[in-house]
């Protein structure tokens, strides 16, 4: 799969893990923010808002990876398989952290879209998710998994 290059040095693995996590964070953040905004605007219960945010984070996370993978010439079905392999663990970790923070910060879910508490908690949750997910992605990449699968398609 072309992963021999990725295990060459520790700093290279960390750089790849940061890049993979930023890529994942982009899709997760789009879905997470959109889900939180829609759920809050519609007055959904916390569980409904979290479920919507998680679903949209996966949709946008996979979509961004598929866009990249389809650009390398892979068929749609194969691209979906690569996206699932590349992003499932990373998005799952991010979503657990994102939503746990939103649920444990007192009043964050009820603060409303105009409240600084809502946006501050959401920004903090995404930053913490990034910090926690970088080592997870490094571990996956070092083993030829996660975004190493996508990286292998571009070499």
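Every read-out reported here was derived from the displayed coordinates using simple, explicitly stated rules and does not represent laboratory data. Since this is a predicted model, take the numbers as computed values, not measurements. Because the Cβ atoms are built from the backbone with ideal geometry, glycine has one as well, and the counts that use them run over all protein chains shown.
Express the relative contact order of the chain as a whole percentage, based on alpha carbon pairs under 8 Å and six or more residues apart in sequence.
Over the chain, the number comes to 33 percent.
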Fewest-first ranking of 45, 147, using other Cβ atoms within 10 Å as the exposure measure: 45, 147
Inter-label distance for residue 51 and residue 124, nm, one decimal - labels placed 7 Å from Cα along Cα-to-Cβ: 2.7 nm
Sequence of 145, 138, 67 once ranked by neighbouring C-beta atoms within 10 Å, starting from the fewest: 67, 145, 138
Value at 222 nm in deg cm²/dmol, rounded to 500, when DSSP H runs of n ≥ 4 in the chain each add -39,500 (n - 2.57): -27500 deg cm²/dmol
Added length on full extension, which subtracts the Cα-Cα distance from 0.36 nm per residue, residue 63 to residue 26: 12.2 nm
In degrees, nearest ten, helix 76-104 long axis to first principal axis of the chain (Cα): 40 degrees
Chain lengthening between residue 37 and residue 143 when straightened (0.36 nm per residue, less Cα-Cα): 34.5 nm
Tilt relative to the chain, helix 116-142 - C-alpha long axis, 0 to 90 degrees, to 10: 20 degrees
Ranked by how many other beta carbons lie within 10 Å on average, peptides 108-119, 76-87 from highest: 76-87, 108-119
